[in-house]
Amino acid sequence: MLELLHVAAHEVTTDTFLIPTIAPEPSGAFVSAHTLVIRGAEPVVVDTGCSLAREQWLANLSAVVDLDDVRWIFLSHDDHDHIGNLDVLLEQCPQATLVGNWSIVSRLGGDIPLPLERMRWLDPGDAFDVGDRTLHLVRPPLFDSPATRGLFDARSGVLWAVDTFGALVQGPVLEADDADPELFDATFDAMNAWNTPWLEWVDTARFGEHVRRTASLPVTAVASAHGPVLRGLRILDAFERTAALAARPALPTPGQAMLDEVLATLGQPAPSAA
């Protein structure tokens, strides 16, 4: 079972809450896999988290919204840490419409058949009305799946940036202002580059324009799956850091030495070399 820090739901702004998942990683820092819920006239669950964190995730979600009241489940893309609790959520939210797209359905079709009769397919540039606000689909600056769409709440100004703006934290940290600045700086580039390896091949001018399209939205707060909430000048800083990643050589990812360290932490022997 995944070892988790027990962190309660966190208010991003009125009626919008981060549903945290924070777990230790081998360096001693902590990695996040958050989701979001918008508790408006027609409550919206944004991504469904990791199955290994199901018990805590459902408890945090249920603390801020009655699952019977949920009207929308938004899937940003098809990665395991965004769809991990979709099955139980579809069962416990019988009135919810699932917002996805063709790419998600086609990529999951061989293993996880989705209920087409409960779905709406929307892509960047589309929007949907949830009673007291309109949610706009955007392509976030960085993504590791062709299915990925972020979400911008025109009423609150909150942007769900999906996998963009990831960084490790030093503990149960949910706000960037509370993050250790050295750890944030040291891990921001690595985490975002590792998750988006195509960055080294992009044209810097075209990528910069892509980043500016999202940055130009009237964003008041940025929530994302793998980093703390950004506010104020930190939002501009994060967009600038992201634009600066274009055309940089790829950073090496952790290899066998890291695996050996993980196994040693777990008290497991490393496999012998072939």
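The values are calculated or read from the model by the stated rules, or taken from the named source; none is laboratory data. Only a predicted model underlies this, so the values are computations on that prediction, with no experimental measurement involved. Cβ coordinates were reconstructed from backbone atoms using ideal geometry, including for glycine residues, and neighbour counts include every protein chain displayed. Only protein heavy atoms, including side chains, enter the accessible area calculation; ligands, DNA and RNA are left aside. Shrake-Rupley method; radii C 1.70, N 1.55, O 1.52, S 1.80 Å.
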Once both label points are put 7 Å beyond Cα along the C-beta direction, the residue 270-residue 139 separation in nm becomes 4.2 nm
Expressed in nanometres to one decimal, the distance between label points 7 Å along Cα→Cβ at residue 205 and residue 102 is 3.2 nm
For the chain, averaging the sequence separation of alpha carbon pairs under 8 Å that lie six or more residues apart and dividing by its residue count, the contact order in percent is 16 percent
Once residue 236 and residue 14 are pulled to full extension, the length gained, defined as 0.36 nm per residue separation minus their Cα-Cα distance, is 77.7 nm
Heavy-atom accessible area of the chain with neighbours in place, 1.4 angstrom probe: carbon+sulfur share in percent works out to 55 percent
Over region 132-214, with neighbouring protein chains present, the accessible area per residue in Å² at probe 1.4 Å is 40 Å²
Listed residues 231, 149, 133; largest mean-square fluctuation, Gaussian network over the chain with Cα springs below 10 Å, found at 133
Ranked output for segments 30-39, 93-102 by mean other Cβ atoms within 10 Å, highest leading, reads 30-39, 93-102
Within region 181-199, the residues whose backbone N lies under 20 Å from a label point placed 7 Å from the Cα of residue 111 along the Cα-to-Cβ direction are 195-197
Length gained if residue 217 through residue 62 is fully extended, taking 0.36 nm per residue and subtracting the Cα-Cα distance, is 52.7 nm
The relative contact order of region 1-99, taking Cα pairs under 8 Å that sit 6 or more residues apart, comes to a percentage of 24 percent
Scoring region 125-257 by relative contact order with C-alpha pairs under 8 Å, at least six apart, yields a percentage of 27 percent
Per the 1/(1 + (r/R0)^6) rule, R0 = 30 Å and r from the Cβ atoms of residue 262 and residue 123, FRET efficiency to 0.05 is 0.20
Contour minus Cα-Cα span, residue 90 to residue 247, at 0.36 nm per residue, comes to 52.4 nm
